[in-house]
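To start, the structure itself, in structure tokens.
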Amino acid sequence: MDFQNRAGSKPGAGALMSQSESNVARRERLRKLALETIDIESDPYFMRNHLGSYECKLCLTLHNNEGSYLSHTQGKKHQANLARRAALDAKDNESSGPARATTAPRVKKNVVKIGRPGYKVTKIRDPGSRQFGLLFEITYPEVTDETKPRHRFMSAYEQHVEPPNRQYQYLLFAAEPYETVAFKVQSREVDMRPGKFWSHWDMDTRKFTLQFFFRNPTRSYAGTGAAASIGHSHINPLNPYLAPPPV
């Protein structure tokens, strides 16, 4: 068949391309043009799998060559998914933006300790209820005006300096830049009622005072001449008022 002398053909140019061949040639030209102008490797959704094919991670589509992927990126499905993804990202940024702005990072303080504070411990007794108590006076002459000493009771099982003993607890005092000091006291119930337990920080003398009383254990007697049985499990050996009555 003579393809050279067909109508519309130029001498020496061969036969005219069919419609399908024209489409293939056009797509090939567009692919080469796109590869020259678009950096496909910078596309976050472009992926080359182990089979040599190309995938769109946004639309989950499979393509045989780069030209097919580039044509897909210009289609309605890919553009709609891009717009949906941009709207979700903007919504997430709006919801998480104020929280990030208001949450300040915690800064660890590097305070140089200057030693232990001065202290004085006095044994006291309530003349009315005969409760035994302790008065602590801790002196912090080098603290700033913004610093207020703190205190708390600590169980014997929280510390790792001595073997735990359930008969004792620890009373801690802390104020920067001084070291934290702890006092070992009896593990008895502390009377937290107003007037029995109180603390005071004197800004002028830089002295922190804390006073508390232990609750008196309940006592019950079996009868006249019988030995007294103490209801509390821990007895203060320094309290003469807890001794059993004479027979």
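Taking the 1.4 Å solvent-accessible surface of the stretch 153-197 as the whole, the part contributed by carbon and sulfur is 51%. In this structure, the pairs whose alpha-carbon distance is over 18 Å, taken from 32/57; 120/184; 148/184; 120/207; 148/207, are 32/57; 148/184.
Given just the C-alpha atoms of the stretch 127-192, how large is their convex hull per residue in cubic angstrom?
122 Å³
The values are calculated or read from the model by the stated rules, or taken from the named source; none is laboratory data. Only a predicted model underlies this, so the values are computations on that prediction, with no experimental measurement involved. What goes into the accessible areas is simple: the full protein's heavy atoms, side chains included, and nothing from ligands, DNA or RNA. Shrake-Rupley method; radii C 1.70, N 1.55, O 1.52, S 1.80 Å.
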